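To start, the structure under review is shown below, and the notes come after it.
The values are calculated or read from the model by the stated rules, or taken from the named source; none is laboratory data. Predicted model, so just to flag it, every value in this text is computed and none were measured. No Cβ is skipped: glycine too gets one built from the backbone with ideal geometry, and neighbour counts run over all protein chains shown. Please note that ligands, DNA and RNA were not included when accessible areas were found on the heavy atoms of the full protein model with its side chains. Shrake-Rupley method; radii C 1.70, N 1.55, O 1.52, S 1.80 Å.
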Amino acid sequence: MRIALVNMPWATTDVPSLALGILATRVHETFAQADVQTIQANLDYVDWASEKIGLDGAEYSFFAEASYFSGCGDWIFSSALYGDRNWRVAEFEQSMAPGLPKYRRDIARKLHELAPDAVEHLVAIILDKNPDIVGFTSTFQQNTASLAAARRIKELAPQVTTVLGGANCDGSQGSAIHRNFPFVDFVVRGEGEAAFPALLASLAGDGAAADIPGLCYRAGDGTPAANPMAARPIEPAQIARPDYASYFERFALSMARSWADPKLTVEGSRGCWWGEKHHCTFCGLNGSFMAFRGKRPEVFLDEIMTLVRRHQVLDIVVVDNIMEMGYLGSLLPALAEADCDLRIHYEIKANLRRPQLQALHDAGVILVQPGIESFSSHVLKLMNKGVTGCLNMRLLRDAESVGIAPSWNYLYGFPGERPSDYAPIIEQLPALHHLPPPAGCSRIGIERFSPYFARPELGFTPLRPAPQYSVTYDLPQGELNDLAYLFSAPDRGIGDDLAELLTESISDWASAHCDSRLTHCDRGDEIVLVNRREGFPWEVVRLGDPVELAAFRLLDQPRTVPALTHQVRGQTRRPVAGDEIGALLARWQRLGVLFAENDHFIQIAPEATNRELTRINRPTVRSRE
């Protein structure tokens, strides 16, 4: 049995496909005699498009990542899917192009015109392996490229079995793909570690397709059939160590090697322990299985270190949706002791405290995705996030202190939010220019599998597939409803004027960040604050009074005025009045060293560790919408 596992555009080029790496291992474990080839078609496309039109890394990254919410990457390959080099160009110009600069519109149209040639080139590479089975992984904007390649494979080699799987195939999405594109023989829905080997066994005559959970197949008369999804997720022990050998071999020969250094993708857990009990209202991640399960720390550590040594790569992206909290006392200390200068990206919850962030830093974590989303406790409650605005601010301050960069977005447009949730925040944003700004600011989108999608009573109705789907696919509305992951609904929450003010204020933050500074140094008998932020014309403030020292240190955590007054009295043994503390906080607010929200205050000056020396200018932040 010859099996080709294919990673089509627009998969990012600097990381291998975790899904295909795991499947390659599982197939080798299950069918020792099988010939498994993993084809890095995204890298093949990079080299082809670089030669044809001079496509560079910035443009590939735009179509692979930044254009996800507009669908430009998928539209590019729709011409190959439908065999028409002019496929819905007018619709593209009307609904997608207005948000693009002219040069990028021209690139998109040129790549769209050339997509049939690109697919022809990629299919020739696939068929050169003489496969019996071709399996495509589809996540984000890989759908149309994968479908177009499957279509052409069936035209050129109808005996080849085509299979599609991945996040774009979960639930009704997978059955819609299978129903509407007959050149796809099978669709694996849900986790593929068990289903894909079972499908291979079935094709070899051992077992029936009708018995494989989640599988979409065609009955004897050609009628599409979809088995019920698996009742339970797979156990952590079944999540195999990925095989990345083919990726690194191909990457070393690709134009993409000059765009960015490669990274390893690893997986310690699946699901979300927070979402199991408190599903964030806007989150559509995890699809069919929210249940959290993690690998044993010693197993995950061995996997990481084995991959690092094998491929001599120190940059690691952990794809877990949330960190397994048990790793704080097990995996992280072991990584800290490892004799490697690791650089790790991890997704965390924003309520982590300073010692926990320090443990992350010591283990080599340099970038975190904390899911901050807002500084309004009321809006965060609407999201079901389980944090407050002040806790999010604490995360930004403490991450800056320990040397970890947070990547986050500011979201708005939630049913039930009020202008008063934003006006006080916008007023305080100039004081935050020394802290890491959000990467973007946008109105919330509706994702399949999220509570906002599943429960119309939460405020988003009627829902329609996002406009990109009707431009890309020639399908009736009902089929698009099943195929789509992103949905549109009437705007909720704040109006456009306030949203524009928020976006502009965050854009100012991003522009000013590189040159802004606010730090503190606690010398025991005094605390020295150093400032360089536009709008706050002071350079150095020294705190030496015992009440000031106690209050500032206590404001390391969010406090109300009554609580702070009581605790300052206890520490200083002085009859401090609430009015005195209130006046002190007012003065510190004028200096821009406090953040106030929901009657709570927290100091926002990171420790002086010269972090500002590592800052670089970033592009102006604009909304994704």
* Cβ-Cβ below 8 Å, separation at least six or inter-chain, first residue in segment 105-117 and touching a residue at least 60 places away in the same chain (Cβ under 8 Å) and over 13 Å from Ala90 (Cα atoms), second assigned to a helix (DSSP H, G or I) and open to solvent by less than 30 Å² (accessible area, probe 1.4 Å): which pairs? -> Leu111/Ala49; Leu111/Phe63; Leu111/Ile76; Leu111/Ala118; Leu114/Ala49
* Residue match in segment 500-519 (condition: in a loop (DSSP other than H, G, I, E, B) and either open to solvent by less than 10 Å² (accessible area, probe 1.4 Å) or not β-branched (Val, Ile, Thr) (or both)) -> yes
* **Scope segment 372-393; condition in contact (Cβ under 8 Å) with a residue 60 or more places away in the chain and either among the aliphatic types (A, V, I, L, M) or open to solvent by 10 Å² or more (accessible area, probe 1.4 Å) (or both); matching residues** => Ile372, Ser377, His378, Leu382, Met383, Asn384, Lys385, Gly386, Thr388, Leu391, Met393
* Structure fact -> Just one listed residue, out of Glu400, Glu457, is part of a helix (DSSP H, G or I), farther than 20 Å from Glu504 by Cα and open to solvent by less than 50 Å² (accessible area, probe 1.4 Å), and it is Glu400
* Give me the pairs: first residue in segment 588-603 and more than 14 Å from Ala431 (Cα to Cα) and at pLDDT below 95, second residue of a type in the set (Ser, Thr, Tyr) and assigned to a strand (DSSP E or B), beta-carbon distance under 8 Å, and six or more apart or on different chains, which are they? -> none
* Considering segment 124-152 alone, what residues qualify as being crowded, with 24+ Cβ neighbours inside 10 Å, of a type in the set (A, V, I, L, M, F, W, C) and within 19 Å of Gly83 (Cβ to Cβ)? -> Ile126, Phe136, Ala145, Leu147, Ala148, Ala149, Ala150
* Asked: Within segment 573-611, restricting attention to residues that are of a type outside the set (Gly, Ala, Ser) and in a strand (DSSP E or B), which residue is farthest from Val547 (Cα to Cα)?
  -> Glu597
* If you go through segment 461-483 one residue at a time, do you hit one that is outside any helix (DSSP H, G or I), touching a strand residue (DSSP E or B) at 6+ places or on another chain (Cβ under 6 Å), open to solvent by 60 Å² or more (accessible area, probe 1.4 Å) and under 30 Å from His378 (Cβ atoms)? -> yes
* **Any hit, segment 55-70, residues being open to solvent by 20 Å² or more (accessible area, probe 1.4 Å), in a loop (DSSP other than H, G, I, E, B) and in contact with an Asp or Glu (Cβ under 8 Å, 6 or more places away or on another chain)** => yes
* To do: Please give the helices (runs of 4 or more DSSP H) falling wholly within segment 228-343 in which 3 or more residues are not aliphatic (A, V, I, L, M).
  => 245-251, 297-311
* Taking interchain pairs and intrachain pairs at least six residues apart, which have beta carbon atoms under 7 angstrom, with the first residue in segment 405-422 and on the phi > 0 side of the Ramachandran plot and the second among the basic types (Lys, Arg) and open to solvent by 20 Å² or more (accessible area, probe 1.4 Å)? -> Gly413/Arg443; Gly413/Arg492
* Asked: On the given criteria, is Ala210 open to solvent by 30 Å² or more (accessible area, probe 1.4 Å), at pLDDT 95 or above and closer than 27 Å to Ser61 by Cβ?
  -> no
* Provide a single number: the residues in segment 158-201 that are closer than 16 Å to Ala41 by Cβ and part of a loop (DSSP other than H, G, I, E, B). => 2
* **Pair list, Cβ < 9 Å and 6+ apart or interchain, from segment 430-448 residues that are open to solvent by less than 10 Å² (accessible area, probe 1.4 Å) to residues that are part of a helix (DSSP H, G or I) and modelled with pLDDT under 95** => His434/Glu612
* Asked: Within segment 103-112, can one find any residue that is open to solvent by less than 60 Å² (accessible area, probe 1.4 Å), touching a Gly at 6+ places or on another chain (Cβ under 7 Å) and either of a type in the set (Gly, Ala, Ser) or over 14 Å from Asn143 (Cβ atoms) (or both)?
  -> no
